[in-house]
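Student: Take a look at the following structure, please.
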Amino acid sequence: MTNILDKVIGYVSPQAALSRAQARVMLDGIRAYEAASPRSDWRPRRAGASANANHLADAATMRAKARALYENVSFMKRGINGKVNALIGTGIQSYCTMPDAVAKQVDNRLKNWADECDADAVHNLYSLEHAAWRAVEIDGEALIRLRPRRREDRLSIPLQLQLLEIDWLDTQKNGPNGNNIIVEGIEYDALGRRVAYWLYPAHPGELVLTRRDQGWQSRPVPAEYIIHVYAPQRPGAGRGVSALHATINRVRDLATYEDSEAARKNLESRLGIIVSGAANSGMPNFDPTGKPGQSGQSAQHLGSLPGGAMVRLPDGMNITTVKPEAVPGTVEYAKHHLRMIAMGVEVTYEMISGDYSEANFSSSRMGRMEFKRTCEVVQWMDIIPRMRRRILNAACAAAYLDGSIPQPNPTFDHTTPRWEYVNPRDDIAAEALELATGLGTWSEKLRSRGLRPEVHWAELRNDVNQLKQNDLLDLLVMLQKSRTLSEASGQQPQN
């Protein structure tokens, strides 16, 4: 399409006008990236919107759907629980790396506090973190509110944690607030730092409001008392989205299909009979409810056929059986969708389905390695820096102010849960080789098993002393040497 400028250029220089027209055709019809071609009829929805704008529009709906699927679809619950168990397990272990005297004092104080840290008296520290990250997988985010306590409360550390669903945050709170700006209930200063979270006095969906005198207005809570746990998906994202967001529709479709398939299987198991001819002669008439019917009906229910019985039919009656045909491909269809769902949730097919019929050692090991790599990224990029470290920093700051520890900000090393062995014999041998070559440490290996190194060594020392006192140590050493020599020579050890 030419415009006035093109006409003027064409009047002055036809060659220049032709070049312009050719360039316009190339821009409109030929692109370096085929995905950018205007001939494609696919247009992304809400193109160009920020992460926060998309979240404000869609997150609440996705969260409600994700919760419903987790609560009602068995394989979805299994997949999410399996993922959280791999990420958190029985708890990420953290140990102070300060000098021994300080480290022992800090570790002991945190160990005692772990059992009394929950403000709702439901969790210990490890199960609270487990519940928090399960909420992150389903809802996309969770809040942990820091609740300072008095010395009279007689806690190991004068601090408790309150785990809150993200519904407590007033998402509709948006706009300027003095020199600050509020976006989806989070208040930022001029430098983009979070200064407050606007929280309701109770969960918006609570059955009974315990503090009616507070009204239903959200109030700001300083950001230093809130640990916002989420995994940002886009730069600038102030909120998180459900891990099920890419699979919600597919899970719903598969669950609906399974319900329909169950109904169809129910019909397939039934044998229907159509009676024609002299159907009324000598036989009672019944309606579909089993009650006596009236004569003259165009179609009548004649009752049920007794199992194993010999029934005499009136003369002239014609019988036609109706048996629905089974439709194949149900298992293949379900497996395909389960694999796609597992990809969207970032777990393995076996984890979400419980089906190991097609797995072998190699495929299981490869799938496990890929899943382990995914979990390690989440553990070290999100869980430890966004939740674990902030909890420990807050606890140590409170303990220091209380005079319980000598350092306000001690440093920690973290050990994630140990992965179960695929081939125990070879895997343990590999760990022993790492220790022998200095590529691993005893303490790190013990922590990965959920053990405290100092406790382990104390128990081992006590066991050795007991063996010495009972004159059994030399016997065990001799038996172990005999076994080692036998294995080296390829022979079975003698009993």
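Since every read-out is calculated from the coordinates, none of them should be taken as a lab result. None of the values given here were measured: they were computed from a predicted structure. Glycine also receives a Cβ, built like all others from the backbone with ideal geometry; neighbour counts cover every protein chain displayed.
Student: Which aspartates and glutamates have a Cα lying under 17 Å from the Cα of Lys65, excluding residues fewer than 8 positions away in the same chain?
Tutor: Lys65 reaches Glu137, Asp139, Glu141, Glu165, Asp167, Asp253.
Student: Which trypsin sites (Lys or Arg not before Pro) in the stretch 149-257 pass both tests, a DSSP loop state and at most 16 other beta-carbon atoms within 10 Å? Intermediate results must be reported in sequence, preceding the final value.
Tutor: Values: sites: Arg149, Arg150, Arg151, Arg154, Lys173, Arg193, Arg194, Arg211, Arg212, Arg239, Arg250, Arg252; in loops: Arg149, Arg150, Arg154, Lys173, Arg193, Arg211, Arg239.
Sparse-neighbourhood loop trypsin sites (Lys or Arg not before Pro): Arg149, Arg150, Arg154, Arg193, Arg211.
Student: Which lysines have a Cα less than 24 Å from the Cα of Lys265, not counting those fewer than 8 places away in the same chain?
Tutor: Partners found: Lys323, Lys335.
Student: Continuing with the same structure: Using a Förster radius of 25 Å, what is the FRET efficiency between Gln480 and Glu420 based on their Cβ-Cβ separation? Nearest 0.05, please. Don't skip to the end; give the middle numbers.
Tutor: Working: r = 26 Å, r/R0 = 1.03.
Efficiency computed from Cβ-Cβ geometry: 0.45.
Student: Suppose R0 equals 56 Å. What FRET efficiency, 1/(1 + (r/R0)^6) with r the Cβ-Cβ distance, do Glu268 and Val12 give to the nearest 0.05? Each step should come with its number before you reach the end.
Tutor: Details: r = 79 Å, r/R0 = 1.42.
After rounding, the FRET efficiency stands at 0.10.
Student: Continuing with this model, one more query. Would you list Phe361, Phe412 from fewest to most Cβ contacts within 10 Å? Provide the component values of the computation, followed by the final result.
Tutor: Values: Phe361 9, Phe412 20.
Lowest to highest Cβ neighbour count: Phe361, Phe412.
Student: Can you list residues whose amide H is under 5 Å from Leu159's amide H, if they're 5+ apart or on another chain and H is modeled 1.01 Å from N?
Tutor: Amide H neighbours of Leu159, under 5 Å, 5+ apart: Arg149.
Student: Cross-link candidates for Lys83: which lysines have Cα within less than 18 Å, leaving aside residues fewer than 8 places away along the same chain?
Tutor: Lys372
Student: Continuing with this model, one more query. Could you give the length gained by full extension between Asn177 and Asp100, i.e. 0.36 nm per residue of separation minus their alpha carbon distance, to one decimal place? Could the numbers behind the result be given before it?
Tutor: Working: separation 77, 0.36 × 77 = 27.72 nm, distance 4.81 nm.
Residue separation times 0.36 nm, minus the Cα-Cα distance, leaves 22.9 nm.
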